[in-house]
1. Which of the lysines could a cross-linker span from LYS251 if the Cα-Cα distance has to be under 17 Å and same-chain partners fewer than 8 positions apart are dropped?
2. Apply 1/(1 + (r/R0)^6) to the Cβ-Cβ distance of ARG112 and ASP253, taking R0 = 25 Å, and write down the FRET efficiency to the nearest 0.05.
3. Just check the range 106-155 against the gyration tensor rule for me: Cα atoms, a ≥ b ≥ c as the square roots of the eigenvalues, rounded for a/c under 1.5, and otherwise prolate or oblate depending on whether a/b exceeds b/c.
4. In debye to the nearest 20, how big a dipole does the range 139-251 give about its Cα centre with +1 on each Lys and Arg Cβ and -1 on each Asp and Glu Cβ?
5. Quickly rank 88-95, 193-200 as a protection proxy: mean count of other C-beta atoms within 10 Å, highest first.
6. Take the alpha-carbon centre of the range 153-203, take the same for the range 127-148, and report the distance between them in whole Å.
Amino acid sequence: MTRRKRYAFGRNQLDARAIAALVILVAVIVGGILYLRSRKPAPEPKPPGGAFPDLKEKPQPLVGTFKGCPGTGDGGDPELNRLKNRIDEAQNYYPIPFDSVLQLEWPKSIERKDRDAWSSADTAAVKRYEGIPISVEGYLAGTKQEGKESCNCHGIDPEFVDYHVWLVKSPDDAKSSSIVVEVTPRVRANHPAWTTKALGQLNRTNQRVRISGWLMLDPEHPNEVGKSRGTIWEIHPVTQIEVYQNGNWIKLDDLSGRD
């Protein structure tokens, strides 16, 4: 073979190798692009409170005078008292998992402050969830008849005080992981079966309950979180109490032998 033919043969080999390398490079690039396009984006983490509905408008609290006591009470934080003393019931309650309420965050800067001292940002953060009508299932861990409070015009008779009730996820859970649900005198006036005896019986017999009412933030008790409660979010006031029996939810009002 002449030198010219050997040169031409070698050049053809180089050209073939270059073309093959180029084809492989293009294939790798195209494959990479197709792979990246086919990948689904990673799901974004759900924001805190993702289980709650995003209600642009919420029912305004309906309050009135109860046995001479106005809805704003006789001192303390009038706006907080007004929320505690609402008497309206919702047409629909949103079922919320127990842990979603327990883990719902709040601005730490609002703790132990009246609402007129909150910043606009903190007010907006709380209002995102406060006032949602919710239902939460669990078990009662205790009931206590409270003493005088500004929301009830410092009344001391049983008909003027709140019932402080602890709702837990499982029967053996401690109060430190509870949600406080408040049975108020204004609502209780229409539910004579809601007695401390009846609620105590539900506690002693470990009957599953469904508590419905208005989600509310009480900034007065942050020091009790992890001790006598798991959060300062409450169901306050409670507007419906149901008991699970024989596969059905029955209103406490409809159960006999509870008062």
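1. LYS197
2. 0.10
3. oblate
4. Numbers: 13 positive and 13 negative charges, 84 e Å.
My answer is approximately 400 debye.
5. Answer by packing, highest mean first, reads 193-200, 88-95.
6. 9 Å
Quick note: the coordinates plus some simple rules give every number you see, no bench work behind them. Since this is a predicted model, take the numbers as computed values, not measurements. As a convention, Cβ positions derive from the backbone with ideal geometry for all residues, glycine included, and neighbour counts pool all protein chains shown.
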